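Trainee: I have a structure I would like to understand better, so I am pasting it below and will then ask my questions one at a time.
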Amino acid sequence: MSVLIIVFLTAVIALFSGVFEQGKFARYIGILGLIIALYVSFMPECSFFDHYKHMYEYSDNTALFTKISIVTTLLLFFLGGFAFSNHRSHQSELYALMLFALCGGIILFGYQNLVTMFLGVEILSIPLYVMAGANKTDLRSNEASIKYFLMGAFATGFLLFGIAFIYGSAGSFDLYKIHDFGVANAGNVMFILGVLLILCALAFKVALAPFHMWSPDVYAGSPSLITAFMASVVKISGFFALFRLMTLGFAGVTHEWINVLGVFLIITLLLANVMGLAQTNAKRMLAYSSVSHAGYIGLVFFGMTSLSTYNLAFYLFAYSLSTVGVFMCLIWVEKLKRETSFGAFKGLAKTEPLLATAATISMLSMAGVPLTAGFMGKFALFSQAMNGAAFLVLVAVLGSALSIAYYLRLIIAMFFFKESTFKSSEKVTLTYNIIAVVVIALIIILGVFPDLFARMFGL
């Protein structure tokens, strides 16, 4: 909980820094606060917070996913100086809202009962509704905000309805008591209905089909850095919340929800990758890519072993790194060209080879090409799922093959056009070049030496 308090205080200070110099110090305050929070996350939890263990527990898994989220958010903050250059009047609010959303994510990594989970989901979601509409003069951004808010409100209704059914049947919000009730009363209709309603609500949060309808429009309309935050940190938080709930609280009725989840995954893997092929805009393509990755990550629920949590963490970190690498390139192109169609990327490698290389390696990692972190992540999840859902693995492999086609379209645009559409005077900043090197190095190193992941995060 020490990390949560540090991130929250950093958010408050960043918010009020907007009083001075139009909030230009907010990013530096955020970076400093995140570095301190990351340092504290490697230390043992203070015994004072043992009083709150019935609500929130900072376990080893909580610490691992907290570290992953902070590292990802830190990388995005480094990109913010250029990405938010046209939001100078309200930069502090945007950085503060990102940190408040991260607070919600950290709550979801350690919740012990359904009330804490609900608070985490809402603290994560509400800042996103605001940030999606940060481009106030852009109708697409306004549409993204209102669409996300309305659909999020429906998902919250499903979640509360499900929690009410669970409490009505089990008589408790505590995950362990709910687990014991599920084991003893596996056929309770009200309990099972509550489980399915909560599953649908959290499927919305992680963009699993058929609850992904908001994703393409919201991703395309939001500022690109916020989209990257949604596709990485929000997905990390949502998936671990779903994983913790289903494998702890609802483990006693696994046979009731696992097949429903399997159907969601099949629809997700096929629909998202087919729709990705049809896109002509890189940002919408990446939205469908994000939906398809929700399908791959969902395989962690099948053939579970003692390493399932580790496999989930590794995949989410590899995917988040790739997301940062691709969106870094997209942010720079969008600022110069005012668009994100595939044509806008033509010849990028001629003027910015490092940026184009980072985006290419990131997309190859997303596709699961060997010697990348994404390949090792997929290999671990697919190998695990083979023990319980071989057909799902076959569908996932087919989806990965399809995804290579739409990633290649962007790679071809960047590398295989003789003339660059970018002016030689338009040079990317030093910060972006450094982050590009970091992303490339981490993706390749974790692809060749995956065991380094455990050492990086103190496991």
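The values are calculated or read from the model by the stated rules, or taken from the named source; none is laboratory data. Worth saying up front: this structure is predicted, and the values here are computed from it rather than measured. Positions of Cβ are generated from backbone atoms using ideal geometry, with glycine treated the same way; all protein chains shown enter the neighbour counts. Please note that ligands, DNA and RNA were not included when accessible areas were found on the heavy atoms of the full protein model with its side chains. Shrake-Rupley method; radii C 1.70, N 1.55, O 1.52, S 1.80 Å.
Trainee: So if I check each of THR357, THR305, which one is farther than 18 Å from GLY238 by Cα, assigned to a loop (DSSP other than H, G, I, E, B) and in contact (Cβ under 8 Å) with a residue 60 or more places away in the chain?
Mentor: THR305
Trainee: Output the number of residues of the range 337-353 satisfying the condition of being open to solvent by less than 60 Å² (accessible area, probe 1.4 Å) and part of a helix (DSSP H, G or I).
Mentor: 8
Trainee: Look at TYR129 and say whether it is surrounded by 23 or more Cβ atoms within 10 Å (Cβ to Cβ) and closer than 24 Å to HIS293 by Cα.
Mentor: In short, no.
Trainee: Provide a single number: the residues in the range 26-60 that are without any contact (Cβ under 8 Å) to a residue 12 or more places away in the chain and surrounded by 14 or more Cβ atoms within 10 Å (Cβ to Cβ).
Mentor: Of the residues in that region, 1 qualify.
Trainee: Does ALA287 count as assigned to a helix (DSSP H, G or I), touching an Asp or Glu at 6+ places or on another chain (Cβ under 9 Å) and under 20 Å from LEU330 (Cα atoms)?
Mentor: Spelling it out, ALA287 is indeed assigned to a helix (DSSP H, G or I), touching an Asp or Glu at 6+ places or on another chain (Cβ under 9 Å) and under 20 Å from LEU330 (Cα atoms).
Trainee: Can you pull out every residue in the range 185-214 that is open to solvent by 30 Å² or more (accessible area, probe 1.4 Å), in contact with a Phe, Trp or Tyr (Cβ under 6 Å, 6 or more places away or on another chain) and in a loop (DSSP other than H, G, I, E, B)?
Mentor: The answer is PHE211, and nothing else.
Trainee: Inside the range 171-184, can you point out the residues that are open to solvent by 30 Å² or more (accessible area, probe 1.4 Å) and in a loop (DSSP other than H, G, I, E, B)?
Mentor: Within the range 171-184, GLY171, PHE173 qualify.
Trainee: Let me ask another. From ALA144, ALA101, ALA96, ALA134, grab the single residue that is touching a residue at least 24 places away in the same chain (Cβ under 8 Å), small (Gly, Ala, Ser) and farther than 20 Å from GLY18 by Cβ.
Mentor: Residue meeting the stated conditions: ALA144.
Trainee: Moving to a separate point now. Between residues in the range 392-407 that are within 15 Å of ALA294 (Cα to Cα) and residues that are of a type in the set (Ser, Thr, Tyr), which pairs lie under 8 Å by C-beta distance while being six or more apart or on different chains?
Mentor: From residues that are within 15 Å of ALA294 (Cα to Cα), the pairs are ALA396/TYR296; GLY399/SER292; GLY399/TYR296; SER400/TYR296; SER403/SER289; SER403/SER292.
Trainee: Which of the residues belonging to the range 259-315 are among the small types (Gly, Ala, Ser) and over 28 Å from LEU225 (Cβ atoms)?
Mentor: Passing the criteria: GLY262, GLY303, SER306, SER308.
Trainee: If only one of ILE236, ILE267, ILE226 is part of a helix (DSSP H, G or I) and out of contact with any helix residue (DSSP H, G or I) (no Cβ under 7 Å at 6 or more places or on another chain), which one is it?
Mentor: Only one candidate passes the filter, namely ILE267.
Trainee: Something else about it: Considering only the range 305-313, I want to know if a residue exists there that is open to solvent by less than 10 Å² (accessible area, probe 1.4 Å) and modelled with pLDDT of 90 or more.
Mentor: Yes, because at least one residue in the range 305-313 is open to solvent by less than 10 Å² (accessible area, probe 1.4 Å) and modelled with pLDDT of 90 or more.
Trainee: When you scan the range 167-194, how many residues do you find that are in contact (Cβ under 8 Å) with a residue 60 or more places away in the chain and within 24 Å of LYS53 (Cα to Cα)?
Mentor: The qualifying residues number 10.
Trainee: Here's a follow-up. When you look at VAL253, is it over 30 Å from ASP451 (Cα atoms), touching a residue at least 24 places away in the same chain (Cβ under 8 Å) and assigned to a helix (DSSP H, G or I), yes or no?
Mentor: yes
Trainee: Residues of the range 270-284 being outside any helix (DSSP H, G or I), crowded, with 16+ Cβ neighbours inside 10 Å and touching a Ser or Thr at 6+ places or on another chain (Cβ under 9 Å), which ones?
Mentor: Within the range 270-284, just ASN281 meets the criteria.
Trainee: Which residues, taken from the range 132-144, are within 18 Å of the chain's Cα centre (by Cα) and either within 21 Å of LEU4 (Cα to Cα) or open to solvent by 20 Å² or more (accessible area, probe 1.4 Å) (or both)?
Mentor: Within the range 132-144, no residue meets the criteria.
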